[in-house]
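A.B. asks: Please see the structure below; I have some questions.
The values are calculated or read from the model by the stated rules, or taken from the named source; none is laboratory data. Keep in mind that this is a model prediction, so the values were computed, not measured. Backbone-built Cβ (ideal geometry, glycine too); neighbour counts: all protein chains shown. These accessible areas exclude ligands, DNA and RNA; they are computed on the full protein's heavy atoms, side chains included. Shrake-Rupley method; radii C 1.70, N 1.55, O 1.52, S 1.80 Å.
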Amino acid sequence: MSIERRCNGVDWKKPEYDKSTVKKAGKAVAKNDFSKIDEAQAYKVINNWRSSHAYPLKAFYLLGKCYAEKNKGILVVQRLKRLESILAKLIRFPAMGLETMQDLGGCRVIVNDISEVKNAVREYNNSNIKSNLVKIYDYITNPKEDGYRSVHLVYEYIGPNTEYIGLKTEVQIRTTLQHCWATAVEALSLRKSVNLKAGEGDEKTLRYMALISALFSIEENAPLSKYVPQNPIEIFNEAKVLDVETNSLNIIRAIRMLPTFSGERERERSYYLIRVDAKTGESKVYGYDETQFEAAADFCAEIEKTNHGAFAVLVSASDANALLKAYPNYLADANLFVERVDTLMEKYESL
């Protein structure tokens, strides 16, 4: 059975508003200016537009799952972008409109090493999913200044279901080492109540995480960012000083956000809604079957709109264990990152 046929049989949400209305709603909520559209209506438009990306996204998730079944150690999850992240992006990039945002639907593929990143990219590009590849961002060859590394593939749906034509899906492919760094950044962001991914927070913490990413690049025989020293010892020495000044590693070491599951954890579900209280670090997971997507999306939207100090993310994973591995910053601890950094510190101290 084709991947797209496997997406059928579910009552997927369809876009109910034109792009002009979507753009207006996004701007209104981002600017907190509801002079041109009612506030309740604006949130309704945004949630419908975001939820409608679940259909084209599902095909890329299923392709990733098929690939993972043939290759050991690969993890594949999907998620719809959190409202908080959507609004933060619209604020950071005023010229961007919600109707053109390319990562509302995101599929993440976590592989073992750099060679498998290349294989996964090839697998997606050679697939027969009815979408066009419109952009490739290779942040492994050219790491971002903050140290972020991954390959992003952006696809645009072209059919056969015409309601979804033009909707974009972003596939992120990264190694386990790159993933543990990225989740440590998010965990640190939650604990400090700043968005480090957006460049917020103190410069020393941002610099420390970029230097650790550079040390990880060396371990993977990958290119170094042009924003860091090109000598490993210099990178290590600078990172060591900044760790003392920021205490970043110990903060990450102390992070514990163990989840509670609503219902049976062992039961396989199609979707999981993660509700996180950023103040207490408590998280709760709700499982939903394939046919309950609309209810899950509505509940996610309600949490985002009405719960101060809490946020929600709606994701799909093969089971609860895969969910824990893919979202340790929300659901578990940052042990892997700490272990790898500790190992590197010992290695360079002995040189």
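A.B. asks: In segment 134-237, which chymotrypsin sites (Phe, Trp or Tyr not before Pro) are in a loop and have at most 15 other Cβ atoms within 10 Å, using DSSP for the loop call?
C.D. replies: The qualifying sites are 227.
A.B. asks: Let me test this: with uniform point scatterers at the alpha carbons of segment 101-150, what is the Debye-based log₁₀ I(q)/I(0) at q = 0.17, 0.24, 0.28 1/Å?
C.D. replies: -0.64, -1.21, -1.37
A.B. asks: Compute the Rg/Rh shape ratio of segment 168-222: radius of gyration over Kirkwood radius, all on alpha-carbon atoms.
C.D. replies: Reported Rg/Rh, Kirkwood definition of Rh: 1.01.
A.B. asks: Can you list the residues of segment 166-209 with backbone N under 11 Å from a point 7 Å past the Cα of residue 227, pointing along Cα to Cβ?
C.D. replies: Of the residues in segment 166-209, 197-200, 206-209 have backbone N under 11 Å from the label point off residue 227.
A.B. asks: Once the Cα gyration tensor of segment 1-140 is found, what semi-axes does its equivalent ellipsoid get, as square roots of 5 times the eigenvalues, in whole Å, sorted largest first?
C.D. replies: Those come to 32, 18, 12 Å.
A.B. asks: With the full set of protein chains in place, find how many percent of the accessible area of segment 17-95 is carbon and sulfur; take the probe as 1.4 Å.
C.D. replies: Heavy-atom surface of segment 17-95 belonging to carbon and sulfur, 1.4 Å probe: 50 percent.
A.B. asks: Before I look further, what does the chain give for accessible area per residue, probe 1.4 Å, in whole square angstrom?
C.D. replies: For the chain, the solvent-accessible area averages 46 Å² per residue.
A.B. asks: Continuing with this model, one more query. For an R0 of 22 angstrom, estimate the FRET efficiency from the Cβ-Cβ distance between residue 125 and residue 165 and round to the nearest 0.05.
C.D. replies: After rounding, the FRET efficiency stands at 0.60.
A.B. asks: Where does helix 39-51 land angle-wise versus the long Cα axis of the chain, in degrees 0 to 90, nearest 10?
C.D. replies: Tilt of helix 39-51: around 80 degrees.
A.B. asks: Extending each Cα 7 Å along its Cβ direction at residue 351 and residue 72, get the distance between those two points in nm, one decimal.
C.D. replies: It is 3.2 nm.
A.B. asks: 7 Å from Cα along Cα→Cβ at both residue 141 and residue 192: what's the point-to-point distance in nm?
C.D. replies: 3.1
A.B. asks: While we're on this one: Can you give me the angle between helix 54-70 and the longest principal axis of the chain, using Cα atoms only, in degrees from 0 to 90, rounded to the nearest 10?
C.D. replies: For 54-70 against the chain, the angle is about 50 degrees.
A.B. asks: Helix-only estimate, please: 222 nm mean residue ellipticity of the chain, summing -39500 (n - 2.57) across DSSP H runs of length 4 or more and dividing by its residues, to the nearest 500.
C.D. replies: So the calculated ellipticity at 222 nm is -14500 deg cm²/dmol.
A.B. asks: Is the shape of segment 125-234 best called rounded, prolate or oblate, per the rule: a/c under 1.5 gives rounded, else a/b larger than b/c gives prolate, else oblate, with a ≥ b ≥ c the square roots of the Cα gyration tensor eigenvalues?
C.D. replies: Note, shape of segment 125-234 comes out prolate.
A.B. asks: Here's something else I'd like to know. Going from most exposed to least, what order do 246, 291, 175, 162 have by accessible area with a 1.4 Å probe?
C.D. replies: The residues order as 291, 162, 246, 175, largest area first.
A.B. asks: Oh, and also: Relative to the longest principal axis of the C-alpha atoms of the chain, give the angle of the C-alpha long axis of helix 293-306, reported between 0 and 90° and rounded to the nearest 10°.
C.D. replies: So the helix axis and the longest Cα principal axis differ by about 70 degrees.
A.B. asks: Where the only charges are on Cβ atoms (+1 Lys, Arg; -1 Asp, Glu), what is the dipole of the chain about its Cα centre, to the nearest 20 debye?
C.D. replies: 660
A.B. asks: Right, next: Under the 0.36 nm per residue contour assumption, what length would be gained going from the current alpha-carbon distance of residue 250 and residue 20 to full extension?
C.D. replies: So the chain would gain 78.1 nm between residue 250 and residue 20.
A.B. asks: Normalised by the residues of the chain, what does the relative contact order come to in percent, with Cα pairs under 8 Å and at least six apart?
C.D. replies: Relative contact order, the chain: 16 percent.
A.B. asks: Kindly sort 23, 13 by accessible area of their heavy atoms, largest first, with the probe set to 1.4 Å.
C.D. replies: My answer, sorted largest first, is 23, 13.
A.B. asks: What is the Rg over Rh value, at two decimals, for the chain, using alpha-carbon atoms and the Kirkwood definition of Rh?
C.D. replies: 0.96
A.B. asks: How far is it, in nm, from the label point at residue 204 to the one at residue 343 when both lie 7 Å from their Cα along the line to the Cβ?
C.D. replies: 2.9
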